[in-house]
1. Give the residue, chosen from B:LYS277, B:LYS253, that is among the basic types (Lys, Arg) and surrounded by 20 or more Cβ atoms within 10 Å (Cβ to Cβ).
2. Of all residues in segment A:37-50, which are crowded, with 16+ Cβ neighbours inside 10 Å and over 24 Å from B:GLN322 (Cα atoms)?
3. For segment A:66-80, indicate whether the set of residues that are within 12 Å of chain B (Cβ to nearest Cβ), more than 30 Å from B:ASP158 (Cα to Cα) and of a type in the set (D, E, K, R) is non-empty.
4. Output the residues belonging to segment A:81-103 that are outside any helix (DSSP H, G or I), more than 7 Å from chain B (Cβ to nearest Cβ) and within 16 Å of B:LEU318 (Cα to Cα).
5. Could you list, in sequence order, the residues of segment B:280-316 that are buried (at least 23 other Cβ atoms within 10 Å of the Cβ) and of a type in the set (S, T, N, Q)?
6. So is B:LEU240 assigned by TED's automatic domain parsing to the domain that holds B:CYS264, without any contact (Cβ under 8 Å) to a residue 40 or more places away in the chain, out of contact with any strand residue (DSSP E or B) (no Cβ under 6 Å at 6 or more places or on another chain) and on the phi < 0 side of the Ramachandran plot or not?
7. Just wondering, is there one or more residues in segment B:187-201 that are closer than 26 Å to B:GLU25 by Cα, touching a residue at least 12 places away in the same chain (Cβ under 8 Å) and outside any loop (DSSP other than H, G, I, E, B)?
8. Does B:ARG113 fit the bill of being touching a Phe, Trp or Tyr at 6+ places or on another chain (Cβ under 6 Å) and charged (D, E, K, R)?
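The values are calculated or read from the model by the stated rules, or taken from the named source; none is laboratory data. Note that the structure is a prediction, hence the values are computed from the model and not measured. Every residue, glycine as well, gets a Cβ built from its backbone with ideal geometry; the counts of neighbours run over all protein chains shown.
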Amino acid sequence: MSFEPRLVGFLCNWCSYTGADLAGTARMKYPPNMRVIRVMCSGRVDPNFILEALAHGADGVLVLGCHPGDCHYAEGNYKCRKRLPITKRLVEGMGIEPQRVRLEWVSASEASRFSEVVTEFTEQIRVLGPLKLEDWTFDRAAADAQLEHN
Amino acid sequence: MAKPKLALYWASSCGGCEIAVLDTELKVLEIADFFDIVFWPCATDFKYDDVRAMKDGEITLTLFNGAIRNSENYELAKLLRQKSVVLCAFGSCAADGCIPGLANFTTAEEILRYVYEDSPSTVNPEKIRPQTEYAVPEGVLSIPHFWNTVRNLSQVVDVDYIMPGCPPQPDQIKLVVDAVIDILKNGKPLPPKGTVLGADERACCDECPRKKDVKTIKKFVRPHEIIPDPEICLLEQGILCMGPATRGGCGAKCVNAGVPCRGCYGPPANVRDQGAKMASAIAGVLDADDPSEIDAIIAGIPDMMGTFYRFSLPHSTLRRKQVRA
C-alpha cells in the first residue's frame, strides 16, 4: 500500500484554526492527512509537544499561528518563532529530518493559504517517507532471550 | 526483630553514587547499624547467587544506581526487582540514563568498531571483536550482550521511587535515610509510588541566589572567555546554564561556585524532556527574531545536543538519535 503521511497540526485558536474552519465552510480541498490540535496560541506549543508527536507516530508536525503583529496575546507567536528554529535543531540532532517540522502563519481569512500549506506540507512529507524510529521501544522479549542464552 | 535488609547495586555507572553513600560520613554507620546489608558489590563480598537464593521480597530496600546498558545490567535489575519490596532508582543513571546514556547518540556497532578497530591506539589487524559466547575445553565462556540503546531503570522494570543527581548529594541522602528509618521504625506510611526523593519539585534556578534581570543575549560565550559577574544569572551573561530545565535540590552548588548548571538532577517535576525545556528557556533569552539569526546564535553552543541531554537522553521523549546507515 502506498504511504499516507500521518501529520499533526497545532493550530492557534484565533487565526489558523479559524482559517481552517473557513477552508472547511468554503469547501476547499486539502489532503486529510493532518490531525488538528487546537491550541490557544502558537506560543502554547511546547517544543516537547513536537517531540512527543514524532515519538508517537507522526511523520511530520505543522505549527500554524497568527502572522507577526497579529497575535491575540500580542507576542505569543514571537515566542513560537524563537522556539521553532531551536526545536528543529533538536529534531535534527536526534537524527530526524528537520523538514518534518514546520512553522507557518495563517490568518483567520486565509482559507486558501491554509489549504495550500497543508497540501504542500503533506506532499513534502510524502517525499520524505515514513518516520520510522529505530529501537525506540524496549524489546523485552529480545532482552529476555539474551538471558536465556547466557 | 530481624533487621530490614538493604541492597545496593551498580549497573552501568561510574561508582560515584557509591561514593556519595560513603560521603554521608557517620550516617553510613547508622545505615550499617539499622539495616542488614545483604548485597553491595562495591563494598561487600556477596555474589549474585546469594541474591538468587533469597526469597521474593526478602530485601526491604534496594538502591539501584547505573543505567541499563547490557544484558547483565538487565538481569540484575530484574532479579533485584523480584527480591525487593521497594526498588529505588538511585542517581541520575538509573533515573534518566545519564552519561552512559550519551551512547544513544551513536550505535553499538559504531562504538565497537571504534574501540576494536579505528581508535588510534588500537592494533587489531584481524579485526577481532569480543564474542558473547566462546567455547573452551572446560565449557562455554560467556560475557553480557552489549545493547544498542541504553535504557534507564524504569524502562525495563517497575520502579517505586526515584532519587536523582549525579551523584545524589550526601545531604539529601542523609535526609532520605532518616525518612526511611523513620518509616520502618515507626510504621509511618510510604510516600506515593513514583515519588522523587531527595530533590525539589522546582527548577535549580529557584534555589540559585544569582540576580535574574530577564536580560536577553546576542551570543553565547564559554566560561573561560569572560570573567562572569558573581551576582548575575549566568545564562543572562551568555553562559549556557542548564538551571531552568533542571530539578533543584542540590543546593545550587555549581552556580554558587561560578560554574553553570550541567543538569544532573534531570528535568523538574512535570517536565518530560529536559532538552525541549531547555530549548524553550534559551528561546526566552535570545535577542533575535529572525530564524537565521537564531540559528547563528545557537550554532555558538558547542555540542548543543550533548549539553541539553547530557544526563537524560535515554529517558527523553525521543530516547535516542536515529542513526541511519
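1. B:LYS277
2. Within segment A:37-50, A:VAL39, A:CYS41, A:SER42, A:GLY43, A:ARG44 meet the criteria.
3. Yes: one or more hits.
4. The first filter runs over segment A:81-103 and keeps only residues outside any helix (DSSP H, G or I), leaving A:94-97, A:101-103.
From what is left, the residues that are more than 7 Å from chain B (Cβ to nearest Cβ) are A:97, A:101-103.
Passing the criteria: A:GLU97, A:VAL101.
5. Residues satisfying the conditions are B:SER312, B:SER316.
6. no
7. Checking segment B:187-201: at least one residue is closer than 26 Å to B:GLU25 by Cα, touching a residue at least 12 places away in the same chain (Cβ under 8 Å) and outside any loop (DSSP other than H, G, I, E, B).
8. No; evaluated as a whole, the condition is false for this residue.
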